[in-house]
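Report on the following structure.
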Amino acid sequence: MDTSLIKYAYVVHTHILGIGDRPFPSLKNVRSVWLPFFKSKRCFLDLESLSCRDRRGEPSPAAPFLHGLGACCFKARSTRLELGSQYEDAAQQICTLMKPHVAYADTDMNADFLFGYGPDITDQRMNYLYLELNKPVFLKAITNDDTQAQGKIFIHIYPTGYIVLQVAIVLTWSSEKNADEIRKIIRETRPWNRYGQWKWISRLSEHAMTISECVREVKRRLQHSFFTNQMIYFAERAMTQPWHTALKGIGNSPTDGQEIAAMLLGLRSQGEALDVEHMKYDPQHGPAFQSWLVCSRQGLALVLHPSHKRKSGLVFFWKTLILVEFMLLQYRIYEDYVQVLQAEITKMKIYRRDLKRKLHEDSLLKLNNYMTSVQELPPVLERHISYASRFHCRLYSALVTGSDVEKYRDTLKKELEAWEKEVDLWEPSLVAIWRKIVKPLWDVFSLVKG
């Protein structure tokens with residue numbers, strides 16, 4: 001396969017950190033400045049000043065500050081999936097819509113649902129909205145060859161208790177590169193690559209560092225910003241949910257896009273391949289070239305035909321990443337549910353089998369304090385994607401299929417079944433209490449799966 005016409009690549013690595021081991025985690029060691037955002041169901045209204053930026057785009061002085069990184073602000077970038085270029089004003093408009101008794105006629109938006117925002121969601125933490133670092137961390141690489149690399153580290157903070165790191169890098173080169181050379185270049189951008197040869201200049205240090213050192217420094221500063229005890233670390237799923245990689249490049253001909261996408265991604269499995277141009281247009285009247293999006297558990301690669309406009313391709317790529325981030329967040333929440341359910345089931349068995357211990361209703365409710373607070377979150381996440389356009393729903397479906405996220409939903413359902421079986425072994429009076437709490441959650445998941 002000839003890759004000599006691939007002159008640049010856009011690489012985005014995404015990773016999720018947890019404030020705790022579950023959605024809406026314990027905030028015992030979280031700094032007080034963040035408590036209103038993570039704890040209040042009116043989190044975005046309580047911090048409305050974050051969206052009221054001045055004309056220069058600077059955040060309010062009252063915005064929470066990330067140690068050594070800068071201030072946060074609310075820009076509602078996730079809504080640009082449907083709003084397009086109008087999303088710049090979305091933050092202020094959404095805050096207006098969130099206000100009680102708002103007169104929709106007085107705003108530029110109506111009460112319709114948007115991807116990421118539902119006007120009937122009383123707990124604002126369940127919207128697909130986040131705070132972000134106002135000025136991302138800029139990176140520039142010292143490569144010692146004809147390759148040029150620069151990018152940014154974006155930070156998204158969700159009120160459900162998760163932080164998303166995005167390391168976005170633009171790569172260009174002047175000489176011809178074969179497939180192995182391109183893959184080697186991409187490896188230099190990987191945040192988990194501790195043996196990278198490139199050094200990166202940033203405001204994180206006076207000295208150049210490897211990309212791995214840059215990300216570790218960002219994590220260290222985030223840890224200092226969120227936790228009062230510096231021995232507390234973020235919850236990560238490094239084994240089951242490592243960094244996700246998304247690539248964008250230019251193909252050589254109308255027919256090799258899918259092959260180049262698989263090559264850039266280094267696929268070990270077939271994944272899911274989409275002709276995105278023919279998804280957007282009728283095949284009988286569509287363009288004469290093809291643009292391919294290939295996705296798998298290793299990540300995704302978008303390969304555009306050379307005649308495709310570079311700016312429009314980049315816009316489509318970032319819109320796809322909005323869906324990818326939503327998918328990864330949903331995946332992480334399902335996985336955390338599974339982990340907590342497994343631990344709780346084990347704890348229930350210990351309580352039930354310990355004949356020396358007298359069970360009381362208070363003890364029972366202690367075991368279940370987590371489940372009562374989040375039983376609405378999974379169906380709300382499922383609803384959010386239904387607010388997107390038909391095209392974006394099809395695109396999201398392909399991303400989920402290629403990334404095999406469905407199996408985590410199925411695993412969660414199995415754990416709920418195990419939970420139900422364990423409940424059946426308890427004394428009748430205690431089972432009655434469980435039914436009041438567990439059964440609504442079980443019904444919710446049955447509806448979602450159906």
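Once you reduce the range 210-238 and the range 316-339 to the center of their Cα atoms, the two points are 21 Å from each other. With the simple model of a label 7 Å out from the Cα in the direction of the Cβ, residue 376 to residue 352 spans 3.0 nm. Checking the cross-link pairs 248/309; 152/319; 135/184; 152/309; 140/199 against a 20 Å limit on the alpha carbon distance flags 135/184; 152/309 as lying beyond it. Once the mean of 1/r is taken over each pair of separate Cα atoms and inverted, the range 155-206 shows a Kirkwood hydrodynamic radius of 13.8 Å.
This ranking places 231, 327 by how few other beta-carbon atoms lie within 10 Å of each, fewest first, which gives 231, 327.
Placing dummy labels 7 Å off each Cα toward the beta-carbon, the span from residue 212 to residue 150 is 2.7 nm. Between residue 193 and residue 230, the modelled label-to-label distance comes to 3.1 nm, taking each label 7 Å out from Cα in the direction of the beta carbon.
Take 331-338, 165-172 and order them by the average number of nearby Cβ atoms within 10 Å per residue, most first; the result is 331-338, 165-172.
Laboratory data are not the source of any read-out in this text; all were calculated from the coordinates shown. Worth saying up front: this structure is predicted, and the values here are computed from it rather than measured. Positions of Cβ are backbone-derived with ideal geometry, glycine not excepted, and every protein chain shown enters the neighbour counts.
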